[in-house]
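The values are calculated or read from the model by the stated rules, or taken from the named source; none is laboratory data. Bear in mind that the values here come from a model prediction, so they are computed numbers and not experimental data. FYI the Cβ positions are ideal-geometry reconstructions off the backbone, even for glycines, and counts take in every protein chain you see. Surface areas here come from the heavy atoms of the whole protein model, side chains and all, with no ligands, DNA or RNA. Shrake-Rupley method; radii C 1.70, N 1.55, O 1.52, S 1.80 Å.
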Amino acid sequence: MNLRLLLASWWIPEYFLKKELNNLASLTIAELDNILKKHDPDSLKNINPLSIPLKGNLNHIRLKMIQGHEIRVKALENLIGKERSIELARPAMFEVGYRLGLEFKKKLSIKDDLEEVMIAAHILYKVLGIEFEFQDNKTDPHIIISHCELASYYSPLSCHILSGADEGVLKGLNPAFEMKFIKRITEGASCCKARLKLKN
């Protein structure tokens, strides 16, 4: 493991976490705004823009980001319906996550191996207040999320859409990885579960 990633796995300064969280907030909000504007140029008139960078501690920044997501996802659902919202917004969130994963991989010189990818994922999930465990079952490797700061605030639809970014991040960290959520806390499960596939 390279020194940069090793140090980040031990200690991450708060300013770094805030910067990464603001980056995520900015990109995801911008994509949701673009989708809304494409379907109705007036759809953002009653939605207050977020002033980036968001200020406050990590919890305050997370809450502002969540509120921004919730307002926009609800507006999108009202505009084009639930299924169409998922169909359009989830791939857009995946692309955002994918770009962030690529950036993070370059920033910390992460190799394409399972250990380094999981360490990087732990760092990124810390930004969101998420704790997870990787269970390396050879027939069913998966990630279990036991605690998520976002789950108390997200609607099931927002979680479904925004979790596309999680799947994109992992793909950006290693292009051979595919992550797919099969259980979500926001839908009544005791934990979130995502299956992992490794392409040869």
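The residue that is least open to solvent (accessible area, probe 1.4 Å), among those in region 89-121 that are more than 16 Å from the chain's Cα centre (by Cα) and more than 20 Å from ILE143 (Cα to Cα), is LEU108.
If the requirement is being modelled with pLDDT of 90 or more and assigned to a helix (DSSP H, G or I), which of these qualifies: LEU100, LEU150, LEU124?
Working: LEU150 fails: assigned to a helix (DSSP H, G or I); LEU124 fails: modelled with pLDDT of 90 or more.
Just one listed residue meets the conditions, LEU100.
Residues considered: ILE52, ILE86. Of these, the only one that is at pLDDT 95 or above and of a type in the set (Val, Ile, Thr) is ILE86. Scanning region 133-151 for residues that are surrounded by fewer than 20 Cβ atoms within 10 Å (Cβ to Cβ) and in contact with a Ser or Thr (Cβ under 9 Å, 6 or more places away or on another chain) turns up GLU133, SER146, ALA151. Checked against (1) touching a helix residue (DSSP H, G or I) at 6+ places or on another chain (Cβ under 6 Å); (2) β-branched (Val, Ile, Thr); (3) crowded, with 17+ Cβ neighbours inside 10 Å; (4) over 26 Å from ILE110 (Cα atoms), ILE47 passes all but condition (3). Comparison of GLU83, GLU133, GLU87 shows that the only residue that is free of Cβ contacts under 8 Å to residues at least 40 places away in the same chain, more than 15 Å from LEU27 (Cβ to Cβ) and part of a strand (DSSP E or B) is GLU133. So, in region 160-184, exactly how many residues are crowded, with 20+ Cβ neighbours inside 10 Å and out of contact with any helix residue (DSSP H, G or I) (no Cβ under 7 Å at 6 or more places or on another chain)? Looking only at that region, the number is 1.
Rundown of residues vs (1) of a type outside the set (D, E, K, R); (2) open to solvent by 20 Å² or more (accessible area, probe 1.4 Å); (3) out of contact with any Lys or Arg (no Cβ under 6 Å at 6 or more places or on another chain); (4) in a helix (DSSP H, G or I), yes/no style:
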{"site": "LYS18", "(1), (2), (3), (4)": "no, yes, yes, yes"}
{"site": "ASN22", "(1), (2), (3), (4)": "yes, no, yes, yes"}
{"site": "ASP42", "(1), (2), (3), (4)": "no, yes, yes, no"}
{"site": "LYS74", "(1), (2), (3), (4)": "no, yes, yes, yes"}
